[in-house]
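Undergrad: Here it is, the structure in full.
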Amino acid sequence: MAPNLGRGACQALEDAVVLGTVMASGDGLTAYDRQRRPRTQMIVRRSRQIGVAAQWASPVAVSLRNAALRLLPSSSFARTLAPVLDWAA
């Protein structure tokens, strides 16, 4: 997973909680994979999308991106990142 969302440690903690839960219930690694894969894949996709825009090199593209980000209300960032930040065991 690219580090664009800064989620490495958070993902590791989520993984540990789910792994502990499924192993304690006797469900095993198949259940762990079934529970974790959709969320992990979603976060990987979002990280990749953010990384693409964050690594633009064209001065014109960078200026347009930065101007657009300044115009967006902060609530739009929270709404966009809610699926990444919200998690319950």
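Bear in mind these aren't lab numbers, they're just calculated from the coordinates by the rules spelled out. As the structure is a computational prediction, the values presented were derived from the model and not from experiment. Counting neighbours? That spans all protein chains shown, and the Cβs are built from the backbone with ideal geometry, glycine included.
Undergrad: Over segment 49-88, how many percent of alpha carbon pairs lie in each 10 Å bin up to the one with the longest distance?
TA: 25, 46, 24, 5, 0
Undergrad: Quick one: if the Förster radius is 35 Å, what FRET efficiency do Val60 and Met23 give, using the C-beta to C-beta distance and rounding to 0.05?
TA: Values: r = 52 Å, r/R0 = 1.49.
Efficiency at R0 = 35 Å is approximately 0.10.
Undergrad: Moving on to the next point. Report the one residue of Gly51, Gln35, Ala68 whose Cα lies farthest in the direction of the positive end of the charge dipole of the chain (charges on C-beta: Lys and Arg +1, Asp and Glu -1; origin at the Cα centre).
TA: Ala68
Undergrad: Here is a follow-up. Report, in degrees rounded to the nearest 10, the 0 to 90 angle that the Cα long axis of helix 59-71 makes with the longest principal axis of the chain.
TA: 70 degrees
Undergrad: Normalising by the residue count of the chain, find the relative contact order in percent from Cα pairs under 8 Å and 6+ residues apart.
TA: Taking the mean separation of contacting Cα pairs over the length of the chain, I get 36 percent.
Undergrad: Can you give the extra length, in nm with one decimal, that the chain gains between Arg45 and Asn4 once fully stretched, where that is 0.36 nm per residue apart less the Cα-Cα distance? Intermediate values should be presented prior to the final figure.
TA: Values: separation 41, 0.36 × 41 = 14.76 nm, distance 1.07 nm.
Value of the extension gain: 13.7 nm.
Undergrad: Continuing with the same structure: Tell me the angle of helix 8-25 to the major Cα principal axis of the chain, expressed in degrees between 0 and 90 and rounded to the nearest ten.
TA: Computed tilt is about 20 degrees.
Undergrad: While we're on this one: Size of the dipole of the chain about the Cα centre, Lys and Arg at +1 and Asp and Glu at -1 on the beta carbon, nothing else charged, in debye to 20? The partial results should precede the final answer.
TA: Values: 11 positive and 5 negative charges, 81 e Å.
For the chain, the charge dipole is close to 380 debye.
Undergrad: A follow-up question, please. Using the Cα atoms of segment 1-58 to build a convex hull, what is its mean projected area in square nanometres? Walk me through the intermediate numbers first.
TA: Working: hull surface 15.3 nm².
About 3.8 nm², averaged over all directions.
Undergrad: With springs only between Cα atoms under 10 Å apart, run a GNM on the chain and tell me which of Gln55, Gln11, Gln41 wobbles the most.
TA: Top of the fluctuation ranking is Gln55.
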